[in-house]
1. Is it the case that some residue within segment 104-112 is open to solvent by 40 Å² or more (accessible area, probe 1.4 Å), outside any helix (DSSP H, G or I), farther than 17 Å from residue 413 by Cβ and not charged (D, E, K, R)?
2. Given the residues 80, 30, which is the only one that is open to solvent by less than 30 Å² (accessible area, probe 1.4 Å), under 23 Å from residue 415 (Cα atoms), in a helix (DSSP H, G or I) and modelled with pLDDT of 85 or more?
3. As an exercise: evaluate residue 313 against (1) open to solvent by 30 Å² or more (accessible area, probe 1.4 Å); (2) closer than 18 Å to residue 380 by Cβ and give the number of the one condition it does not meet.
4. State all residues of segment 343-364 that are out of contact with any Pro (no Cβ under 8 Å at 6 or more places or on another chain), outside any loop (DSSP other than H, G, I, E, B) and buried (at least 19 other Cβ atoms within 10 Å of the Cβ); if no residue qualifies, say none.
5. Which ones in segment 263-284 are assigned to a helix (DSSP H, G or I), touching a helix residue (DSSP H, G or I) at 6+ places or on another chain (Cβ under 7 Å) and either under 16 Å from residue 221 (Cα atoms) or open to solvent by 50 Å² or more (accessible area, probe 1.4 Å) (or both)?
6. Restricting attention to segment 245-253, does a residue exist that is open to solvent by less than 40 Å² (accessible area, probe 1.4 Å) and either modelled with pLDDT of 85 or more or not in a helix (DSSP H, G or I) (or both)?
7. Assuming residue 260 fulfils every condition listed in (1) among the aliphatic types (A, V, I, L, M); (2) under 23 Å from the mean Cα position of the chain (by Cα); (3) open to solvent by less than 40 Å² (accessible area, probe 1.4 Å) apart from one, which condition is it?
8. Output the number of residues of segment 58-82 satisfying the condition of being closer than 25 Å to residue 219 by Cα and either of a type in the set (Asp, Glu) or in contact (Cβ under 8 Å) with a residue 60 or more places away in the chain (or both).
Amino acid sequence: MTSNEGPIMTVTRTEPVPPVLTARRRWSILAVCSAAMFLVGMDTTIVNIGLPAIGAGLDVGVRGLEWTVDAYTLVLASLLITSGALADRFGRRRVFRIGLGVFGIASLLCAVAPTAGVLIAARIGQGVGGSMLSPVALAIVVNAITDPKQRAQAIGIWASVFGLSMAAGPVIGGALISGLGWRSVFWINAPIIVIALVLSAKVLPESRAAQARRLDIPGQVLLILMVGASVAVLIEGPHIGWTTPLTLAGYVVIIAAAIAFAYIEPKRPAPLMDLRLFRRPTFSAAVLGAVAIFVALNATLLINTLYLQHARGMSPAEAGIFTLPMAFGATFCAPLAGYLVGRFGPRMPLTLAGGFIATGGLCLLDLTTDTGTPQLLLSYLLIGVGFGFANAPITNTAVNGLPPAQSGVAGGITSTARQFGAALGIAIAGGLISGASPDRLAQVSHPAWMLVAACGVLLLAVAWASPKPA
């Protein structure tokens with residue numbers, strides 16, 4: 001990744017002129033990158049449906065289950081930008097393939113984990129591998145497809161696959177767990193990784209940034225501290241108390257790391273995160289929107305999983321089937337959002353996304369153990385539709401107007417925002433329902449559904465900050 005302004009410590013290299021890619025090759029590249037994104041997205045959500053089974057199998061409570069999910073998303077969020085920088089320096093295809101390998105090995109360790117501690121450690125490994133896939137895949141696609149309209153369509157397809165993986169994770173996971181047990185949600189990664197490794201060697205061109213930046217180790221450490229401490233406080237706070245010495249120390253770490261990050265990064269010759277990008281209102285709005293989308297989605301998935309299986313006594317497969325409307329909505333609307341972005345700009349699909357998500361959250365403000373199936377399915381459908389409409393305009397807004405060399409920067413920051421939002425959604429929702437008995441779970445989840453609705457309203461505000469139609 002490169003910075004568009006200011007002095008940069010660079011390593012200059014003479015690059016061969018890249019070959020002209022045929023239309024078939026470009027779309028093949030998109031297919032391979034989308035397969036990797038399917039892995040990253042699915043593993044963000046597929047574990048959710050198996051949390052009750054994992055808890056029973058490894059004897060771990062809600063707090064441990066939150067860490068099982070957030071260990072992955074925290075590492076993913078923290079390392080995305082550095083992984084993008086490594087890809088720009090050493091080759092995007094090379095780092096992409098290494099990421100696939102690391103992700104695969106960590107998935108196998110998850111599948112055989114004997115304890116919760118080993119599972120959480122293996123999930124960290126998955127996060128390391130996943131961080132080498134998400135922004136790198138987007139950078140490969142953006143550099144291969146340069147026509148603005150075709151790029152918008154490609155991002156729409158990419159977002160569709162990503163949205164499908166996020167929404168279909170619980171459906172696939174429910175079927176696997178009911179038939180083969182919770183460990184199968186990790187074994188399923190193996191065939192996808194093998195296929196992606198084979199195809200990436202044949203299809204993906206190697207590419208690097210013309211100028212490769214030095215790694216920003218201080219910035220990386222501070223980002224890990226900020227993200228990790230923020231989520232740790234949200235997960236542990238309900239259990240140890242919000243004013244205990246340990247929690248107060250967490251507040252200090254978050255504030256100090258944030259101040260140091262804001263002070264140090266502009267002075268770095270090659271900052272981890274070019275804070276000047278946030279001077280662009282549209283870019284800042286896209287990042288904020290990315291956080292809101294994934295807070296809403298992951299809060300929904302966690303509450304839904306525990307509510308359906310604990311409060312209503314469903315099996316994992318039955319709970320997964322209940323999320324099918326969410327998967328259908330996300331899958332159908334994501335490519336439509338890409339078309340709308342290419343034709344009318346991002347404002348229309350973002351407005352639709354905000355309206356649907358807000359309405360879906362409001363539908364469950366009165367959730368009870370006996371809430372009717374039509375009301376549940378309607379809410380899940382609305383949230384899925386909103387999620388489908390949101391991803392393409394957020395991604396397109398973030399990368400639009402930036403040179404191709406900075407696609408990794410924009411992709412890394414927005415992907416970080418997505419995963420940070422996912423971790424926040426799990427931590428906040430988990431804190432709201434932690435310790436609740438099955439018969440009270442529906443009642444204590446009401447603030448979480450208000451949070452989902454608030455995220456939809458925030459997306460409406462982001463839509464107004466997006467570029468107007470030409």
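1. Yes.
2. 30
3. All conditions are met except number (2).
4. The answer is 352, 354, 355, 356, 357, 358, 360, 361.
5. Correct list: 264, 265, 266, 275, 278, 281.
6. Yes, because at least one residue in segment 245-253 is open to solvent by less than 40 Å² (accessible area, probe 1.4 Å) and either modelled with pLDDT of 85 or more or not in a helix (DSSP H, G or I) (or both).
7. The single condition residue 260 does not satisfy is (2).
8. 12
The values are calculated or read from the model by the stated rules, or taken from the named source; none is laboratory data. No experiment lies behind these values; they were computed from the predicted model shown. Neighbour counts run over all protein chains shown; Cβ positions are idealised from the backbone, glycine included. Ligands, DNA and RNA are excluded from the accessible area calculation, which covers all protein heavy atoms including side chains. Shrake-Rupley method; radii C 1.70, N 1.55, O 1.52, S 1.80 Å.
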